[in-house]
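Everything below concerns the one structure shown next.
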Amino acid sequence: MSTPANRPSHSPSNAPIVPMRAAHARRARGIWLPATLIGVSALVYAAAAIYTGQLAQLSFNGVMGLLQRMVALGLVAIGQNFVILAGSIDLSVANLISVCAVIASYVMQGDAHAMFYGVVATLVLAALVGVINGLLVTRLSVSPLIATLGVGMVLQGILSVAFTNLRGAVPKSFQVIAYGNIAQIPFAVLLLAVALGVAGFVLTRTVSGARLYTVGGNANSARLAGIRTGRVIVGAHVIGSLMAGVGGLYLASWLGAGTPWVGRDGGYGLDSIAVVVIGGTLLAGGRGGVAGTIAGVFVFATLDAVFNMLQIDAFLSQVLRGAIVILSVGAYTFRSKGHIA
């Protein structure tokens, strides 16, 4: 007969040890990848600046300029992160950015008093596109790839036909978003930081964020648990489109006017997906976060800066960026196998 001394301990104080260790391990992995991406990219950037003798790139203003390179792609990628976490994808963001920039310019017409109406019209339009994307995926069961690609093509067609009648410009006061600063920190960088903080809070500290991870991880299990999966996916698409709309407003502020090619030529559709995957988010959904995504954006920003400092041919730079996209998808394949296993 076993004695009390030989019996295993089941005290409440020992029970949480394993879950706590697992949580700490997951948190460590979540920090390790973004930190590595940022650290390696920063070292490459510094080495290129020293090698080329462009030490001004290492000054405070140089670093702020590097961070400002991240703003447009960063805003779009944060929204794309929500969509991918839900197990979907959005290929319409590039053309939506162009539409939003053009609509904002057209409504404002250089009038500071019309800025509010321009911003509201842009965000309402972006949210509507997000709802359409989400409903196509959830209600009509169209593949997210096909649904959002088709919506993007419709948006591009509308721009091509109607742009001559939608010309306009943003007022100088609106351009403060792109060119203003507080204590030498650009407003745009602060905007990206706020968006990053809000997104991180929603994903990690709210019920909505937990439901998003649950739906992306296993939609059937989430449905059995009573979660309205369709509503979650539509919501993710709305957030993704709204962030693309904010990106369009920023680019309109930067350029002074919207153009029908600003989103497409910027490569925001493919790049926003690539940086999300590079940052550790599974394309299958259910795992990842905005910390890794913003680290992926930093990788692309430093890559562009290094290309400029080394005066690498634009064609070669596109080849290298394409290679990074391929490697990121390859890395996703290995991660997804481990995730399924």
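The values are calculated or read from the model by the stated rules, or taken from the named source; none is laboratory data. Just so you know, these numbers come straight off a predicted model, no measurement behind them. Every residue, glycine as well, gets a Cβ built from its backbone with ideal geometry; the counts of neighbours run over all protein chains shown. What goes into the accessible areas is simple: the full protein's heavy atoms, side chains included, and nothing from ligands, DNA or RNA. Shrake-Rupley method; radii C 1.70, N 1.55, O 1.52, S 1.80 Å.
Please give me the summed charge of the neighbours of residue 222: other residues whose Cβ is under 13 Å from its Cβ, Lys and Arg +1, Asp and Glu -1. Around residue 222, the charge tally is +4. The spacing between the stretch 259-329 and the stretch 57-112, judged by their C-alpha centroids, is 13 Å. Relative contact order of the chain: 32 percent, from C-alpha pairs under 8 Å at least 6 residues apart in sequence. With K and R counted +1 and D and E -1, the other residues having a Cβ less than 14 Å from that of residue 94 yield a net charge of -2. Using a probe of 1.4 Å on the protein chains alone, the accessible area found for residue 239 is around 60 Å². Loop-located chymotrypsin sites (Phe, Trp or Tyr not before Pro) across the stretch 51-85 with a Cβ neighbour count of 11 or fewer within 10 Å are lacking, with loop assigned by DSSP.
Build a GNM of the chain with springs between Cα atoms under 10 Å apart, and of 248, 197, 118 the one that fluctuates most is 197. Between 127, 195, 112, the GNM of the chain built on Cα springs shorter than 10 angstrom shows 112 fluctuating the most. Sorting the segments 40-50, 251-261 by their residues' average number of neighbouring beta-carbon atoms within 10 angstrom, most packed first, yields 251-261, 40-50.
Comparing 263, 289, 65 in a Gaussian network model of the chain (Cα springs below 10 Å), the most mobile by mean-square fluctuation is 65.
Ordered from largest to smallest accessible area (heavy atoms of protein chains, 1.4 Å probe), the residues 241, 173 come out as 173, 241. Look at (i) -0.55, -1.15, -1.25; (ii) -0.50, -1.02, -1.11; (iii) -0.42, -1.02, -1.16: the one that is log10 I(q)/I(0) by the Debye sum over Cα atoms at q = 0.08, 0.13, 0.14 Å⁻¹ derived from this structure is (iii). The residues packed around residue 80, meaning those with a beta-carbon under 10 Å from its beta-carbon, carry a net charge of -2 if Lys and Arg are +1 and Asp and Glu are -1.
Checking a compactness column here: for the stretch 82-199, what do you get for Rg(Cα) / (2.2 N^0.38 Å), N being the number of residues?
1.22
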